[in-house]
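Enquirer: Questions regarding the structure given below will be posed in turn.
The values are calculated or read from the model by the stated rules, or taken from the named source; none is laboratory data. All of these numbers come straight from a predicted model, not from anything done at the bench. In this analysis, Cβ positions are derived from the backbone assuming ideal geometry, glycine residues included, and neighbour counts consider all displayed protein chains. With ligands, DNA and RNA removed, areas are computed over all heavy atoms of the protein, side chains included. Shrake-Rupley method; radii C 1.70, N 1.55, O 1.52, S 1.80 Å.
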Amino acid sequence: MKLTHKHTLAASYLGYITQAVVNNLTPLLFVVFETSLGISIGRISLLITVNFGVQMLVDLLSAKWINVIGTRRAIVAAHAFAAAGLVALGVLPYRTADPYVGVLCAVCLCAVGGGITEVLISPIVEALPSEDKAGSMSLLHAFYCWGHVGVVVLSTLYFALAGTGRWALLPVLWAVLPLCNMVLFARVPLCKLAGDEHHTPLRALLKSKMIWLFLLMMVCAGASEQGMSQWASLFAETGLKVPKAMGDLLGPCAFAVMMGLSRTLYGIWGARISLKRCMAASCLLCVAGYAAAVFAPWPLLSLAGCALCGFSVGILWPGTFSLSMVHCPEGGTAMFALFALAGDVGCALGPGVVGAVSGMAGGALKAGLLAACAFPVLLLLAVSRLRRRPKGEQ
């Protein structure tokens, strides 16, 4: 059977689901690591830092070396790393003297795979022939959200049926997904971005003022998203006084569902809407969501604000990617690697600001969430700077 660009798009969708697996499965196992493997909370928290640090390092190196390695080799290698990391997560903790060392090695492998995937999937889809590139990009990123929801729901179902005592089999089962997609990416047709054909130097990219504006937008998009997402579970538990499982469903899971919904809707109807106006409206809606979470007199209304944030931030990340290709068409994969790095910086900065401000306010989480409103406001100002309307922009 001859594979077409439709198969490339399907492989890209599965690639983002794979990234959702490697990013969100390990946190679901933190309690198991503590109770079954005897790993302390302090060492578990270090896993988050290591995962984030490795992904940023991969983003940085990708900006320089992806064009040398080649897109196909790199994306196949990304899935190989992801599969190896998931298998290692189920095997190495019982094969090393210190189970923590095994978990740490597995997390690093998964982070390498997830980092390369984050850099490459978006430019692969952007390079495909399409009349509605912004819609395709939004729909692509929606699959990460649905993958996140799927990981939570299916893994919770697995634990309900098999019990936590057989947790080690779960990551091995999830490894089937990247293994199958690795084979698919080895065969599907791939197109080149304009910047890749000319191998735009990284130094030349960094001299562009427009690139720096989009880097700022990526930082704000990541911070706006994760500033609420990372604290949603705690906010749900403290606001409604519900058990953790219910808090996860009302908090981060609901946030991911709403974010996936907004990206899916834009992917379907985005061709009819101006992307700039949609992003500007989303920034205002995000501020409204944060404000509702902070000032609402009833806990359920506060949680509705959390969900509204999830819906509003959905278009910010993929929308920035799409606008960048209109304003900076020669950026190529190296530009996407820089954007992935900036987005990851924002994903760390947003929750960090919320936590720091909450700490200074005596543990008042609402104070930290209020401070996070600065990120969508700053993103709105950056979008307003994109005044010129290049040919081909919606």
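To keep it simple, each residue is scored yes or no on (1) within 23 Å of Pro252 (Cα to Cα); (2) assigned to a loop (DSSP other than H, G, I, E, B).
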residue	(1), (2)
Ala337	no, no
Asp344	yes, no
Gly362	no, yes
Val377	yes, no
Leu380	no, no
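Enquirer: Taking the condition within 30 Å of Trp269 (Cα to Cα) and of a type in the set (Gly, Ala, Ser), does Gly147 pass?
Expert: Judged against the criteria, Gly147 is a match.
Enquirer: Which residue, of Leu139, Leu157, Leu161, Leu170, is within 21 Å of the chain's Cα centre (by Cα) and assigned to a helix (DSSP H, G or I)?
Expert: Leu139
Enquirer: Restricting to the stretch 5-18, name every residue that is over 17 Å from Ala83 (Cα atoms) and open to solvent by 60 Å² or more (accessible area, probe 1.4 Å).
Expert: His5, Lys6
Enquirer: I would also like to ask the following. Name the residues in the stretch 364-375 that are within 12 Å of Cys286 (Cβ to Cβ) and in a loop (DSSP other than H, G, I, E, B), would you?
Expert: Across the stretch 364-375, the qualifying residues are Ala372, Cys373.
Enquirer: Could you identify the single residue in Leu250, Leu323, Leu303, Leu234 that is in a helix (DSSP H, G or I) and surrounded by fewer than 20 Cβ atoms within 10 Å (Cβ to Cβ)?
Expert: One residue alone meets the criteria, Leu234.
Enquirer: Take Gly114 and tell me if it is over 22 Å from Arg166 (Cβ atoms), touching a helix residue (DSSP H, G or I) at 6+ places or on another chain (Cβ under 7 Å) and of a type outside the set (Phe, Trp, Tyr).
Expert: It is true that Gly114 is over 22 Å from Arg166 (Cβ atoms), touching a helix residue (DSSP H, G or I) at 6+ places or on another chain (Cβ under 7 Å) and of a type outside the set (Phe, Trp, Tyr).
Enquirer: Considering only the stretch 111-120, I want to know if a residue exists there that is open to solvent by less than 50 Å² (accessible area, probe 1.4 Å) and without any contact (Cβ under 8 Å) to a residue 40 or more places away in the chain.
Expert: No, because not a single residue in the stretch 111-120 is open to solvent by less than 50 Å² (accessible area, probe 1.4 Å) and without any contact (Cβ under 8 Å) to a residue 40 or more places away in the chain.
Enquirer: Further, regarding this structure: Please find, among Ala175, Ala160, the residue that is at pLDDT 95 or above and under 28 Å from Leu37 (Cβ atoms).
Expert: Among Ala175, Ala160, only Ala175 is at pLDDT 95 or above and under 28 Å from Leu37 (Cβ atoms).
Enquirer: What are the residues in the stretch 156-173 that are open to solvent by 40 Å² or more (accessible area, probe 1.4 Å), under 20 Å from Cys253 (Cβ atoms) and touching a residue at least 24 places away in the same chain (Cβ under 8 Å), if any?
Expert: Selection gives Thr156, Thr164.
Enquirer: Just to be sure I understand, how many residues within the stretch 344-394 are among the polar types (S, T, N, Q) and modelled with pLDDT of 90 or more?
Expert: 1
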